[in-house]
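Structure first, commentary second.
The values are calculated or read from the model by the stated rules, or taken from the named source; none is laboratory data. In this text the structure is predicted, and so the values were computed from the model without any measurement. Cβ coordinates were reconstructed from backbone atoms using ideal geometry, including for glycine residues, and neighbour counts include every protein chain displayed.
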Amino acid sequence: MDGSAESSRPANSSHTAIPLAPLPDSVAARVREAGAPGVNLYRALGNAPRLLEAWIDFAWALREHCDTPRRLRELVILRTAQLMLSQYEWNQHRLMAAEAGVDEHQVAELTMWRTSPAFTDAERAAFALTDALVDGHVPDEVNAIVEEHFDPQARVELTITAAFYCAVPRLLDALRVPVEESTPAPADQEDSKDNEN
C-alpha cells in the first residue's frame, strides 16, 4: 500500500459512535433463519429499526437475487474492502467469498488483479469498474471493457454491488462499528502490520 492510502485510513477507535442495539425480534428471527451471524453492523443499524430492515432487504437482494455469479460479486466486494481499507467489510466477506467458491490464491492475488493470471478477462473488467467506482469516476474506456464481457443486467448488478459496498465502509467508519472477534485481516492490512513490526 502506498503512503497516501495509509494516511487516508479510517481512524481506529476503541468505542462506537452509537450504542450497539439489540436486534428487533423480527430481524433477529430473520437473521437466525438465514443462518447469518448477529453482526455488529446490524446492531448499530438497530438504532433505526425500519432502516435496518430496508438495509437487510437491499443487501441480501444483492447477495441472493442477482444473476451474475455470487463468486464474482464477492470478489468485487473484497476489492472494495481493500480499496476502502475496510477491515470490517473484509472480515465479513472473506467468509462469504470462501462459501461462494473464491479460493485463497485469488484473494492473495486481488491487489495484483491487472497482471495476475488468477483472473479471467471478465473478472478484470469487473475489477476495473470497481476501482473506477471507488475513485469516483468511471471513464468511457472502463465502460467499454465492461460492455465487452457483461450484458446490461450484469452491468447493473455489478455496478450496484460495487457502489453499495463502497458506501458500507463509510457508514462503518462514521458509526465506529467494531469488527467482530476472530475473523481474518485483509492481505493489505496484514502486510502493513508486518511492515510496522
Considering only residues that are assigned to a helix (DSSP H, G or I), under 19 Å from the mean Cα position of the chain (by Cα) and of a type in the set (Val, Ile, Thr), look in region 138-185 and name the one that is surrounded by the fewest Cβ atoms within 10 Å (Cβ to Cβ). VAL156
Give me the residue from region 60-84 that is among the aliphatic types (A, V, I, L, M) and at pLDDT 95 or above and, out of that set, farthest from the chain's Cα centre (by Cα). LEU72
Which of the residues that make up region 88-104 are touching a Lys or Arg at 6+ places or on another chain (Cβ under 9 Å), closer than 18 Å to CYS166 by Cα and either in contact (Cβ under 8 Å) with a residue 40 or more places away in the chain or buried (at least 20 other Cβ atoms within 10 Å of the Cβ) (or both)? ALA97
Filter result (surrounded by fewer than 18 Cβ atoms within 10 Å (Cβ to Cβ) and not basic (Lys, Arg)) within region 105-116: HIS105, ALA108, GLU109, THR111, MET112, THR115, SER116
Against the condition among the aromatic types (Phe, Trp, Tyr), in a helix (DSSP H, G or I) and surrounded by 17 or more Cβ atoms within 10 Å (Cβ to Cβ), how does PHE119 come out, does it pass? no
Just checking, does region 42-58 include any residue being among the hydroxyl-bearing types (Ser, Thr, Tyr), at pLDDT 90 or above and not assigned by TED's automatic domain parsing to the domain that holds ALA162? yes
Over region 19-39, the set of residues assigned to a helix (DSSP H, G or I) and surrounded by 12 or more Cβ atoms within 10 Å (Cβ to Cβ) is VAL27, ALA28, ARG30, VAL31, ARG32
Against the conditions (1) within 16 Å of CYS166 (Cβ to Cβ); (2) outside the structural domain of ARG114 (by TED's automatic domain parsing), where does ALA81 fall short? Just the number, please. (2)
Restricting to region 83-101, count the residues that are over 14 Å from VAL168 (Cβ atoms) and of a type outside the set (A, V, I, L, M, F, W, C). 3
Which condition number in (1) assigned to a helix (DSSP H, G or I); (2) of a type outside the set (A, V, I, L, M); (3) buried (at least 19 other Cβ atoms within 10 Å of the Cβ) is the one that THR68 fails? (1)
